[in-house]
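*Asks:* I'd like to ask you about the structure that follows.
The values are calculated or read from the model by the stated rules, or taken from the named source; none is laboratory data. Model, not experiment: these values are computed from the prediction. Quick reminder, even Gly has a Cβ in these numbers, built from the backbone with ideal geometry, and neighbours come from all protein chains shown. Note: accessible area is taken over every heavy atom of the protein model, side chains too, but ligands, DNA and RNA are not part of it. Shrake-Rupley method; radii C 1.70, N 1.55, O 1.52, S 1.80 Å.
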Amino acid sequence: MRRRNSSFKNILTLFFLALIVGAAVFIYFSPQFEKKSSEIKFNNSGFWNLEDSLKVSLSDQSGIKSYAVYYKTVDSEVEILKKEISSTQTQVVFDINAFALSPDVKKIKLAIKVYDNSMWNFFQGNETYKEFDLEIDRKKPSARVISNSRSIKRGGSATVVVKVSDENLKEQYITFNNNHRFELIPFMEKGYYAAIIAWPIEIEFDDFERVNLIAIDKAMNVTVKKVPLYIKDLKIKKDNLKISKKFIEKVSIPVLEKSEIDIPEEKAEIFVKQNRVLRANNVKTIKDSSLDNMSREMIDKYNIKPFKRLSGSKTFAGFAEKRQYFYNKEKIDEAWHLGMDWASIKHAPIKASNSGKVIFNDYLGIYGNTLILDHKLGLQSLYAHTSKFHAQKGDEIKRNQKIANTGSTGAVFGDHLHFGILVQGVEVNPLEWMDKNWIKSRVLNILAEARQEIKSSK
């Protein structure tokens with residue numbers, strides 16, 4: 001009997017051990033008992049202005065059960081926010097709003113505690129706890145315009161010099177109509193910046209709003225100052241152009257093929273795809289290349305000469321021509337022509353009017369073989385439809401140096417040069433930059449005025 005009882009006890013013991021082990025294995029691997037901590041994302045820069053709310057994102061595969069936010073001092077922890085969540089939510093987003101703080105408080109510590117819906121930790125869930133240090137910054141950046149061109153014409157350019165300061169400065173820039181953004185380049189000394197800005201031709205005279213200087217610090221305090229400018233309209237020339245079947249077959253199709261874009265079946269659709277879709281792609285490439293490769297070095301002295309017409313050439317098209325395209329007497333598309341078209345002899349030599357750095361030389365769809373020079377301060381010159389390059393990307397070019405030859409590459413029939421001026425990727429009126437007096441009064445004098453004020457402020 002003792003042997004039987006002993007055997008029974010052993011079996012019973014093994015059974016319970018197996019049961020316990022099985023339960024432990026189940027608990028360990030069961031999704032209901034997951035042990036992974038919740039993820040806390042606190043979107044902040046380490047600074048807080050006590051005006052804007054701070055956004056917090058929580059995530060957990062078992063769902064968020066509760067969260068709390070605490071303000072920690074040296075010897076206490078004050079609860080400022082608490083939330084219990086009844087339904088299963090794997091993603092929770094909430095804001096931390098400002099609370100009363102003494103004006104002399106410069107640094108604080110916030111803590112966030114989160115529990116999930118896991119049955120781990122004796123059914124209490126996993127606890128996640130994180131602390132965040134924040135500097136309190138209520139002061140807005142100091143920003144002012146010290147010199148500017150005072151006027152700007154539609155499609156044209158202007159120069160602005162500003163002073164911006166803040167111990168926690170994050171960024172500073174110029175906006176046109178709160179839409180187009182222009183970077184500010186360091187000028188002469190720390191805290192001073194200059195920029196050439198542009199009025200994009202597609203923004204009509206009546207739609208002009210204002211040009212602003214924006215300064216933002218790390219706590220997201222924002223200062224906005226108006227750049228005072230008189231505005232002038234530009235007379236727009238309208239052209240009606242007939243598109244032939246020959247042009248589509250000999251120009252549009254090869255350009256689309258070389259750009260690796262599918263060819264539509266209908267002739268009109270082929271031209272529209274070349275003139276609208278490919279053009280948009282090319283314009284984006286120009287802007288991206290301009291912004292990615294423009295010089296951001298501090299400007300001390302800046303000297304730009306008037307750009308010259310292609311030697312011995314005639315002008316066949318100008319800036320801001322609004323072209324309407326017709327095929328079989330029906331209007332099929334329209335587009336802006338934003339440059340100067342000059343033609344002389346075939347494969348005429350192209351020389352640089354100003355020194356600069358090659359930031360782009362490649363085949364570019366409707367523009368054909370294209371070269372772009374950077375002249376600092378966000379100013380660049382563009383040379384399109386060329387037949388041959390004499391400079392490569394990265395080359396430093398001297399004034400009057402031969403950089404290319406004219407050609408008929410891209411969406412054109414005849415040999416010519418399409419010359420353009422870019423301001424941080426925006427095409428502007430080249431005629432301004434070919435005018436010695438305009439450059440002196442709207443660019444060089446503005447920089448000289450600012451230079452004088454900076455020197456006198458020491």
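*Asks:* Which members of segment 85-106 meet the condition of being of a type outside the set (A, V, I, L, M) and under 17 Å from Q61 (Cα atoms)? First the steps, then the outcome.
*Replies:* Taking segment 85-106 first, the residues of a type outside the set (A, V, I, L, M) are 86-91, 94-95, 97, 99, 102-104, 106.
Across segment 85-106, the qualifying residues are S86, S87, T88, Q89, T90, Q91.
Table: residues versus (1) more than 30 Å from Y230 (Cβ to Cβ); (2) touching a Pro at 6+ places or on another chain (Cβ under 9 Å); (3) in contact (Cβ under 8 Å) with a residue 12 or more places away in the chain.
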| position | (1), (2), (3) |
| --- | --- |
| T128 | yes, no, yes |
| F176 | no, yes, yes |
| H180 | no, yes, yes |
| E183 | no, no, yes |
| G191 | no, no, yes |
| I197 | no, no, yes |
| I201 | no, no, yes |
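*Asks:* Would you mention how many residues in segment 169-197 are open to solvent by 20 Å² or more (accessible area, probe 1.4 Å), over 26 Å from K235 (Cβ atoms) and outside any strand (DSSP E or B)?
*Replies:* Residues of segment 169-197 that are open to solvent by 20 Å² or more (accessible area, probe 1.4 Å), as a first pass: 169-173, 177-181, 183, 186, 188-190, 193.
After this cut, where a residue has to be over 26 Å from K235 (Cβ atoms) as well, the list is 169-173, 178, 181, 183, 186, 188-190, 193.
Applying the additional criterion that residues be outside any strand (DSSP E or B) yields 178, 188-190.
Total meeting the criteria: 4.
*Asks:* If you go through segment 48-57 one residue at a time, do you hit one that is outside any strand (DSSP E or B), surrounded by 13 or more Cβ atoms within 10 Å (Cβ to Cβ) and touching a Leu at 6+ places or on another chain (Cβ under 9 Å)?
*Replies:* yes
*Asks:* Still on this structure: Out of all the residues in segment 292-304, which are open to solvent by less than 80 Å² (accessible area, probe 1.4 Å) and closer than 25 Å to G339 by Cα?
*Replies:* N293, M294, S295, Y302, I304
*Asks:* Tally time: how many residues in segment 250-291 are within 30 Å of E183 (Cα to Cα) and free of Cβ contacts under 8 Å to residues at least 60 places away in the same chain?
*Replies:* 5
*Asks:* At least 2 residues that are in contact with a helix residue (DSSP H, G or I) (Cβ under 9 Å, 6 or more places away or on another chain) and open to solvent by 10 Å² or more (accessible area, probe 1.4 Å) in each: list the helices (runs of 4 or more DSSP H) lying fully within segment 347-458 that qualify.
*Replies:* The qualifying helices (runs of 4 or more DSSP H) are 430-433.
*Asks:* Looking only at segment 214-235, how many residues end up being part of a loop (DSSP other than H, G, I, E, B) and either surrounded by 14 or more Cβ atoms within 10 Å (Cβ to Cβ) or aromatic (F, W, Y) (or both)?
*Replies:* Qualifying residue count, segment 214-235: 6.
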